[in-house]
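Everything on this sheet refers to the single structure shown next.
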Amino acid sequence: MDLDLLKLFGTLRPYGSRTNDRLFLRSIRRRAAYFIKHSPEYRAICEDAGFHPAVLKNMKSLEQIPVIPTLYFKRNKIGIRRGPAVEVTSSGTGGTASRLSYSVWEICLLAAMAVNLGRIHGLFSRRPVHYIMLGYQPSKENKAVISKTAWLSTLYAPAISRRYALEYRKGVRGESGTYTLNLPGILENLARCAEGTHPVRLVGFPSYTYFLLKKMKQENIICRLPGDSRVMLGGGWKQFEKEEIPKEELYTLIWEVLGINKTRVHEFFGAAEHPVLYCSCKNHHFHIPAYARVLIRDTETLEALPKGRAGLVNLLTPIGSDLPLMSVMTDDIGVLHDKKECGCGIKSDYLEILGRTGAKGIRTCAAGAADYWQGI
């Protein structure tokens, strides 16, 4: 048991504590040494980069950890776990899905993280709510992490009901099940909830939310939802970058169609290969929590860039004992801002996502679902 990791993920101060820096550094140094010992592939990567965990003496030295692109995990099965585990995938198709597994111990740490961040960002409520899920209905066949985390987000408030836009139909005679877009059912449910007294929480990708609300506005379907209703967005605009609209425009649409103010719109950021939760603050910025660090790297040289410069987003965390997730490179382009630029009071720098690199051949979390939403 890694006591430093336990203290890090159990902290009640996930933003801005120097104690967290020390815990993070010790944990990630220990994790790197673990994979060098047990993973031949990671050991070869470190030897090629001339990296040894002993160089990790301060936060600046984190730049020296070998960076592994998420695409590497999608194309190479290098997991070292043996024994019971919870398995998830990044939902890619065509052979490009990352397969990850977490021990019960790690799941407990991630649960503590989600509870603590939910407390700080006001996500918990004792009042029962209706959930409208703009994504896949969970099934035994669907191991996509986005499906599991979406369902877990419904634990922040007691669920009266959960209605899914993509409903699962069980296969017959051994065949795989299928998903069907039930847009009429979602619209009917929204109208019914608008006449009730219980709050509603709309959970899903911002792209799906936009398509649904745009259709409702075009058809003059306005559903003013009960007080304390919320919208919870995560996953970005994958597969729909051309249709992406500015955040403020989406907030305005949410207000016009659902009557939900932008102060009750919560956004989340993360990746299957980086199981850390980033929650938006009141100014809709993703401040870096204690469980992670973020570096921005030059798109050509991969050198770490100073705050305010745009580049590839490099995510670091010490959790994970199946794959070496200590330092992964996403295909996101972002900027790291100083905490003082936000003004919300959270004492941690924040990450702004500008877009994606557009790497060809990569199908992501929204890959399959995109086909259902085309043309609505």
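Can you name every residue in region 214-231 that is closer than 24 Å to residue 282 by Cα and surrounded by fewer than 22 Cβ atoms within 10 Å (Cβ to Cβ)?
224, 226, 227, 228
Out of all the residues in region 6-33, which are surrounded by fewer than 19 Cβ atoms within 10 Å (Cβ to Cβ) and either in a loop (DSSP other than H, G, I, E, B) or not basic (Lys, Arg) (or both)?
Residues satisfying the conditions are 6, 10, 12, 13, 16, 17, 19, 21, 33.
Considering only region 187-215, how many residues are in a helix (DSSP H, G or I) and over 21 Å from residue 252 (Cα atoms)?
Counting residues in region 187-215 that are in a helix (DSSP H, G or I) and over 21 Å from residue 252 (Cα atoms) gives 3.
Among the residues of region 215-226, is any within 21 Å of residue 146 (Cβ to Cβ) and within 27 Å of the chain's Cα centre (by Cα)?
For region 215-226, residues within 21 Å of residue 146 (Cβ to Cβ) and within 27 Å of the chain's Cα centre (by Cα): absent.
Anything in region 241-298 that is hydroxyl-bearing (Ser, Thr, Tyr) and under 23 Å from residue 23 (Cβ atoms)? List them, or say none.
Hits for region 241-298 are 278, 291.
Listed residues 267, 352; which is surrounded by fewer than 23 Cβ atoms within 10 Å (Cβ to Cβ), touching a Leu at 6+ places or on another chain (Cβ under 6 Å), at pLDDT 95 or above and outside any loop (DSSP other than H, G, I, E, B)?
When all the criteria are applied, what remains is 267.
When region 150-161 is examined, which residues are found to be over 20 Å from the mean Cα position of the chain (by Cα) and either of a type outside the set (Val, Ile, Thr) or loosely packed, with under 14 Cβ neighbours inside 10 Å (or both)?
Selection gives 158, 159, 161.
Scan region 130-149 and give yes if some residue there is hydroxyl-bearing (Ser, Thr, Tyr), crowded, with 16+ Cβ neighbours inside 10 Å and modelled with pLDDT of 95 or more, otherwise no.
Yes; the residues of region 130-149 include at least one that is hydroxyl-bearing (Ser, Thr, Tyr), crowded, with 16+ Cβ neighbours inside 10 Å and modelled with pLDDT of 95 or more.
Taking region 231-264 as the region of interest, how many residues are in a strand (DSSP E or B) and free of Cβ contacts under 8 Å to residues at least 60 places away in the same chain?
Number of matching residues: 2.
The conditions are (1) out of contact with any Phe, Trp or Tyr (no Cβ under 8 Å at 6 or more places or on another chain); (2) under 30 Å from residue 303 (Cα atoms); (3) at pLDDT 95 or above, and residue 6 fails exactly one of them. Which is it?
(2)
Hey, any hits in region 248-258 for a residue that's under 17 Å from residue 332 (Cα atoms), of a type in the set (A, V, I, L, M) and in contact with a strand residue (DSSP E or B) (Cβ under 6 Å, 6 or more places away or on another chain)?
Among the residues of region 248-258, not one is under 17 Å from residue 332 (Cα atoms), of a type in the set (A, V, I, L, M) and in contact with a strand residue (DSSP E or B) (Cβ under 6 Å, 6 or more places away or on another chain), which makes the answer no.
Hey, does region 162-171 have a residue that's exposed (fewer than 14 other Cβ atoms within 10 Å of the Cβ) and either of a type in the set (Asp, Glu) or under 20 Å from residue 221 (Cβ atoms) (or both)?
The answer is no; no qualifying residue exists.
The values are calculated or read from the model by the stated rules, or taken from the named source; none is laboratory data. Owing to the predicted nature of the structure, the values given are computational and were not obtained by experimental measurement. Cβ: placed from backbone, ideal geometry, glycine included. Neighbour counts: every protein chain shown.
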